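Everything on this sheet refers to the single structure shown next.
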Amino acid sequence: MGIKGLQGFVARVCPDACRTVDLREMAEEHRINHPDFPPVIVVDAMSCVRYWYTPESWVCGGQWREYLAILEDFIKAFMAAGIKLVFYFDGVVEEKKRDEWIKRRLQNNKEIARIFQFIKTHRKQPGRGMFVVPSALPTFTRFALKSLGQKTVCTLQEADFEVAAYGLQHNCIGILGQDSDYLIYNTCPYFSIEKLCLDRLVTVMYSREDLCRALGLSLTHLPLFACLLGNDVVPESLLEGFWHRCLVTSPHKSNSYNRRTNILLAVADYISKVPCSYSSLKHLEEMLPLGSDKTLLYRGVESYLLPGQQSPWIPPNVTNCQMFTPQQQSAMCQDKEIFQLAKEQHIQSENYTIFNILSNGEIECSNSLEDECDTEIPGQALIYRPARQHIYSVLLEPGKGGAYPLVKEWFVYFGNPLQQPELIQPVQPSIPGGTPNLKTLWFAKGPDVEKQRYNTFLACFHLQDGMELLQAIEAPVAAFCCLLAYLMMQLAQVDSRGVHLGAVFVRGLTTLLMANSACGFPFRMDDLMPWEVFDGKLFQEKYQQSHRGCSLEELLEGNESLYTPFQNLKSFICKACMAKKRTIQSRPRGNGFITGTPQREFNPRFQQTLRSSFVPPYHNQMRGFLWRNSQPRGREYGLGHPDRRRRFRLPPRFLATFELGWLKWMFMELITQVTLLITGSG
């Protein structure tokens, strides 16, 4: 997570440490010096996502197809220079960094509250200065890069350590990211994603050696320097007194610098005079008010040691010789085969959150674009909790007396102070004969097992009775219907807010990912991605049309052929709600902040073709319907894979609210999206 102010300090005070470099030239030099090893850049993806997401609309829920095209262009630029990319994503929040994680999540809540206040006041999206990434963007970025053929790694500990270790061990030409911790690790060069000019592959490289020369330090000083400035291990609150003493004696103090810059210079001056030894570190620990944990500074310095490295601040018999490995002895799952497969899938970015649950029974979810002042829409964490409880029961085995182990949830939502995890009880879904065990769901083969996987997935969302209909339609549509039906059953009365609902929907897709991973992948993960079913800007446009009371004719855009499949899918959702005795009410809200919806011409005969009777399920004829009515529109986003090119066309047409009163246009948008986009044109 970095050292506060260090990146800006280097740019302002140590300009010689900021070198403009041409990555093509560096790659060519690497090929000359290492002809048997292609040039590789390891990417800290978590620190890059906010720079990758450049589509204009960001509060709407995400312009996912446009974002996918941006990622593809990013990859192609490096491929053209013969540079291989390896992408790393955080796979866990370590216990020692939990307090800092909580602090940042609570700060993000304040930023999100300001965004909603701006929207309510100005009826438009804020400028980029208030930008936050769309909900679940890092999660779906991981799967997007994997779908684009990239090596994508989900870590077993904090990503910065594994990124730095990979860069060192594989002789990478550099690390691409935006985290000042990469100035501290003794690893390969550190490149800035923020300063990257993609078309020329030119960026800024931050030089550790030049930084050390400017500060009068050596490379071995840097880990202690980082700890005494405050990092994820050593809180800044414990260092104020130490900083004051350093400032009093510092020869570099200047009124032309801000306080943080003076602190950095003063701490560097202090460290330069301290002998590099373990006894010096122990003396510092005694001097600092570390409370009962006198090893805090030691652990902070040790956290920067990569595999095989030693430090003069650490006893010579201590070497960080291996990567962190979760201990199965203390894991929630004691089955070695299941545990190992979950771990492998986790590292390879093939599942979602499953290993975290099986290894230590803990799971977290960051902020979503949710309006804390809108008390009529629950936070997504609460909306999807019943589904998660079913998923936990699929993953975990009950102990003596039939009681399941509790799962610790760190989910951000309004009203949750995050002072401690919420302990969640797994709940078995209603499946005749009971829930299949993981051995069956994950390893068994055959049509009966495929049916069990699908049925268990549906049971997590209380939809097992709809299996026949859902299996008859395209997988992305079926998954989408599961999510809609579940939301309709959870949100009994909704006074909709488009931005909030967009975030709720996208987070719902991550719940589908979790259920799919737990149930042995009855769906392909690609079928559950937002670019298959969601477009934020269109979501808001249709939300506004609905609340302005547009007619069914307008919302179906005059297309008579959409009526029958629309009625069938509408019937499925309605039946699912009635089965749970849910009555959905709606209250039109009129115009929101999205304006300028284009007007369309319609067929005057259209209204006469509409009828209210139930249309029988259509099963497999839907597949032919999807292809026959496909019509390409707009830009085609090819992904470089022949079998995928036809599926990624245009901004998707997507249904955009959860109110029964507006189902008439919701399902029209579903079918329009399917016919025009998912399958492509013939």
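The values are calculated or read from the model by the stated rules, or taken from the named source; none is laboratory data. What you see is a predicted model, and the numbers here were worked out from it, not measured in a lab. Cβ placement follows ideal geometry from the backbone for every residue including glycine, while neighbour counts extend to all protein chains displayed. Side chains included, ligands, DNA and RNA excluded: accessible areas come from the protein's heavy atoms. Shrake-Rupley method; radii C 1.70, N 1.55, O 1.52, S 1.80 Å.
Here are the numbers for the structure shown:
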{"read-out": "Carbon and sulfur %, accessible surface of segment 109-179 computed with the full protein complex present, 1.4 Å", "value": "50"}
{"read-out": "Length added when fully stretched, Arg200-Glu337, from 0.36 nm per residue minus Cα-Cα", "value": "44.6 nm"}
{"read-out": "D (Stokes-Einstein, µm²/s), Kirkwood Cα radius, segment 1-98, 1.567 mPa s at 4 °C", "value": "78"}
{"read-out": "In order through segment 21-28: 3J(HN,Hα) via Karplus (6.51 cos²θ - 1.76 cosθ + 1.60), integer Hz, x for Gly, Pro", "value": "10, 9, 5, 5, 5, 5, 5, 5"}
{"read-out": "Whole-angstrom Cα spans of segment 180-227 along principal axes, big to small", "value": "38, 18, 15"}
{"read-out": "Cα-projected label distance for Met287 with Asp374, points at 7 Å along beta-carbon direction, nm", "value": "5.4"}
{"read-out": "Cα-projected label distance for Lys124 with Ala403, points at 7 Å along beta-carbon direction, nm", "value": "5.8"}
{"read-out": "Net length gained if the chain between His244 and Ser561 were fully extended (0.36 nm per residue, minus Cα distance)", "value": "106.7 nm"}
{"read-out": "Burial order of peptide ranges 160-167, 141-148 (average beta-carbon count within 10 Å, highest first)", "value": "160-167, 141-148"}
{"read-out": "Computed over segment 37-76, the ratio Rg/Rh where both radii use C-alpha atoms and Rh is Kirkwood", "value": "1.07"}
{"read-out": "Cβ crowding within 10 Å averaged over residues, with 337-346, 221-230, 27-36 ranked highest first", "value": "221-230, 337-346, 27-36"}
{"read-out": "Lys151 long-range amide H proximity, modeled H, under 5 Å", "value": "Phe87"}
{"read-out": "Distant alpha-carbon pairs in segment 230-271 (separation over 16 angstrom), percent", "value": "31"}
{"read-out": "Scattering profile of segment 44-177 at q = 0.09, 0.15, 0.22 Å⁻¹ [log10 I(q)/I(0), Debye over alpha-carbon scatterers]", "value": "-0.32, -0.85, -1.38"}
{"read-out": "P(r) of segment 160-275 over all Cα-Cα pairs, binned every 5 Å from zero, in whole percent", "value": "2, 11, 18, 19, 19, 14, 10, 5, 2, 0"}
{"read-out": "Protein-only accessible surface order, largest first, of Met578, Met529, Met205 at 1.4 Å", "value": "Met578, Met205, Met529"}
{"read-out": "Anisotropy class of segment 98-146 from Cα gyration tensor, a/c 1.5 cut", "value": "oblate"}
{"read-out": "Euclidean distance between Cα centres, segment 414-468 to segment 357-381, Å", "value": "20"}
{"read-out": "Residue-span extension gain [Gln107 to Ala11] - 0.36 nm each, minus C-alpha spacing", "value": "32.0 nm"}
{"read-out": "Volume per residue of the C-alpha convex hull in segment 303-461, rounded to whole Å³", "value": "189"}
{"read-out": "Estimated FRET transfer efficiency (Gln425, Tyr51; beta-carbon r; R0 51 Å; 0.05)", "value": "0.80"}
{"read-out": "log10 of Debye I(q)/I(0), alpha-carbon scatterers only, for segment 101-213 at 0.11, 0.18 Å⁻¹", "value": "-0.54, -1.16"}
{"read-out": "Quarter of Cα convex hull surface for segment 379-476, i.e. mean projection, nm²", "value": "8.1"}
{"read-out": "Residue-by-residue Karplus 3J(HN,Hα) for segment 428-436, coefficients 6.51, -1.76, 1.60, Hz, glycine and proline x", "value": "5, x, 7, 10, x, x, x, 6, x"}
{"read-out": "Per residue value of the accessible surface for segment 417-508 (all protein chains in place, 1.4 Å probe), Å²", "value": "36"}
{"read-out": "Portion, in percent, of the accessible area of segment 190-314 that falls on carbon or sulfur, probe 1.4 Å", "value": "54"}
